[in-house]
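Structure, as structure tokens:
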Amino acid sequence: MSDCIFCKIVAGEIPSDRVGENEGAIAFRDINPEAPVHILVVPKLHSKNIIELSQNEESMSKVMELMREVTQRETNGHFKFLFNTGEEAGQTVFHSHGHILSQGAS
Ligand code: DGP
């Protein structure tokens, strides 16, 4: 989608601090961190939220695979993986993304 900020980050048109990537997803640090480790895992294919994402098995499994890889490296195994869904729940970017929130790897 041409006006989607996360599609632009996936395409490399907007810079981001990438910490991981696979065939179907990318992971980069949140611009406004709410924890010592705050990383977003974003499917390459546009979907507006976790409900839409979960209807595409391939895309969903690539997001989960990347979450597993990134949390092994960036956290001590204690983290939240959070999908805000809908404006009332605090979603501000309508390209699905999971927040990894953790105190870090130590
Ligand atoms: P949510 O509120 O769940 O839709 O989360 C959107 C998150 O995306 C929010 O924590 C801030 C982050 N964010 C928004 N724009 C950018 C950006 O251009 N770069 C990065 N790295 N993060 C962004």
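Bear in mind these aren't lab numbers, they're just calculated from the coordinates by the rules spelled out. Predicted, not measured: the structure shown is a model, and the values here were computed from it. Positions of Cβ are generated from backbone atoms using ideal geometry, with glycine treated the same way; all protein chains shown enter the neighbour counts.
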FRET efficiency for SER54 and ILE31, Cβ-Cβ distance as r, R0 = 25 Å, nearest 0.05? 0.45
Helix 57-74 axis, angle to the chain major axis (alpha carbon atoms, nearest 10°): 30
Multiply the residue gap between SER106 and GLN72 by 0.36 nm, knock off their C-alpha separation, and tell me the result in nm, one decimal place. 11.1 nm
Cα gyration tensor shape of segment 56-106, rounded if a/c is under 1.5, else prolate or oblate by comparing a/b with b/c: oblate
Size of charge dipole - the chain - debye, nearest 20, with Cβ of Lys, Arg +1 and Asp, Glu -1, no other charges: 200
Could you tell me the ratio Rg/Rh of the chain? Both radii from Cα atoms, Rh via Kirkwood. 0.93
Net charge around THR92, counting only other residues with Cβ within less than 14 Å of its Cβ (Lys, Arg = +1; Asp, Glu = -1)? -3
Mind pulling the per residue volume of the convex hull built on the Cα atoms of segment 1-45? Å³ is fine. 71
